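The values are calculated or read from the model by the stated rules, or taken from the named source; none is laboratory data. These numbers were taken from a predicted model, which means no experiment stands behind them. For neighbour counting, all protein chains shown are included, and Cβ atoms are generated from backbone atoms with ideal geometry for every residue, glycine included. The area values use the complete protein model at the heavy-atom level, side chains included, leaving out ligands, DNA and RNA. Shrake-Rupley method; radii C 1.70, N 1.55, O 1.52, S 1.80 Å.
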Amino acid sequence: TVYHETDASTDPLDGDTVAVLGYGNQGRSQASNMRDAGLEVVIGNRADDSREQAREDGFDAYPMAEATARADVVLFLVPDEVQPEVYERTVEPNLGPGDALVFASGYNVTYGYVEVDPAVDVALVAPRMIGAVVRELYEAGRGAPALLAVHRDATGEAKSRALAVAAGIGSTRSGVVETDFETETRTDLLSEQGLFPVFAAALLARFEVESEAGVPPEVTLLESYLSREMAHIFEKCATEGLVAQMDLHSRTSQYGQLLGLEAFDREPIREFMRERLAAIESGEFAEEWTQEQAAEDSRLDRLRRQYENSAFVETEQTTLDAFGLREE
Ligand code: NAI
């Protein structure tokens, strides 16, 4: 089911207080949109720069415990990695029967790292967009598409309240797809663990092949993505379509692209994605990541160092400077 502006409004939250816990990428944008939509919004944040920012933006900002206690509907927008600890210490003791807890990511509920009192509604409103753009779109009279799910309907109102949140952040202006927490988690993690690595591996492989063939490395990287031509092509894919946007390229280019696609064996990529998906679905990835986060020198840190010190990244960084490509 897909919900649009005609299917939902903020009315079910009339008279309610909405607390946004975590005034960061998503929190700042979602809180601002909901306030503009006429909702009563308070911010809960630890005493850091984000809380100062919330006050500068004109919000009433409290410690998270106090904001939770004041609210009927709580949007839990701190990073997934810290949610279990923050939930137990700060949120749980202040949620009352009939309140609603709304996530923007299915991760912690899917894997059982956050278990919510049965008297509380648990829902998901997950914009498919980075926080800053959630705000930009709203200000332009549009909205970011979102996924919506209800994990627990304790009050009989969980879905209408989640839809009201989606309306408040502007997502019903675009489209809100109903799904479940597990599906949101699977598809989100597979973007990160399946799709992005394939894109990055293609960039690395091309760099390796052209280096062997004597193409200057900065030329390869400008051609690959540093010139932003690729970014513009992806923009056009998103607004016109993967094949339709080919009209913007020469016929020589179109022929070459489709010939290459025909020659490419996708089965190894499918197999790679199936393996990643299996580790996501079994919880193997989540378990490993939980252990890694507790480690001194985590595998994440070691892998980052490994790639940061690669010829590819060194060339990329010097090219960014040499061609003045960094954003001001
Ligand atoms: P963020 O990284 O911007 O952090 C939000 C706030 O959490 C920070 O401003 C900070 O004040 C607070 N915080 C950080 N560590 C803390 C700790 N240890 N204890 C207490 N407070 C702490 O978070 P972001 O990226 O906005 O993510 C929030 C939720 O939205 C997550 O569930 C994420 O999966 C989801 N999401 C994020 C998207 C994005 O574009 N970043 C896209 C869609 C969903």
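If you go through segment 244-259 and keep only what is in contact with a helix residue (DSSP H, G or I) (Cβ under 9 Å, 6 or more places away or on another chain) and either part of a helix (DSSP H, G or I) or of a type in the set (A, V, I, L, M, F, W, C) (or both), you end up with 244, 245, 246, 247, 248, 253, 254, 257, 258.
Scan segment 173-184 for residues that are in contact with a Leu (Cβ under 7 Å, 6 or more places away or on another chain) and either of a type in the set (D, E, K, R) or not in a loop (DSSP other than H, G, I, E, B) (or both) and the total you get is 5.
Yes or no, residue by residue, for (1) of a type in the set (Ser, Thr, Tyr); (2) open to solvent by 60 Å² or more (accessible area, probe 1.4 Å):
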| site | (1), (2) |
| --- | --- |
| 170 | no, no |
| 187 | yes, yes |
| 198 | no, no |
| 207 | no, no |
| 211 | yes, no |
| 222 | no, no |
| 232 | no, yes |
| 242 | no, yes |
| 250 | yes, yes |
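If you go through segment 252-272 and keep only what is surrounded by 10 or more Cβ atoms within 10 Å (Cβ to Cβ) and of a type in the set (Lys, Arg), you end up with just 270. Residues that are within 13 Å of the ligand (Cβ to nearest atom) and among the polar types (S, T, N, Q) were ranked within segment 33-80; the one that is most open to solvent (accessible area, probe 1.4 Å) is 53. Checked against (1) in contact with a helix residue (DSSP H, G or I) (Cβ under 8 Å, 6 or more places away or on another chain); (2) part of a helix (DSSP H, G or I); (3) not assigned by TED's automatic domain parsing to the domain that holds residue 284, residue 144 passes all but condition (2). Restricting the search to segment 106-122, which residues are closer than 16 Å to residue 157 by Cα and within 16 Å of the ligand (Cβ to nearest atom)? Selection gives 122 alone.
The one condition from (1) closer than 30 Å to residue 260 by Cα; (2) among the hydroxyl-bearing types (Ser, Thr, Tyr); (3) assigned by TED's automatic domain parsing to the domain that holds residue 8 that residue 171 does not meet is (1). When 84, 93, 127 are screened for being at pLDDT 95 or above, within 14 Å of the ligand (Cβ to nearest atom) and open to solvent by 20 Å² or more (accessible area, probe 1.4 Å), only 84 passes.
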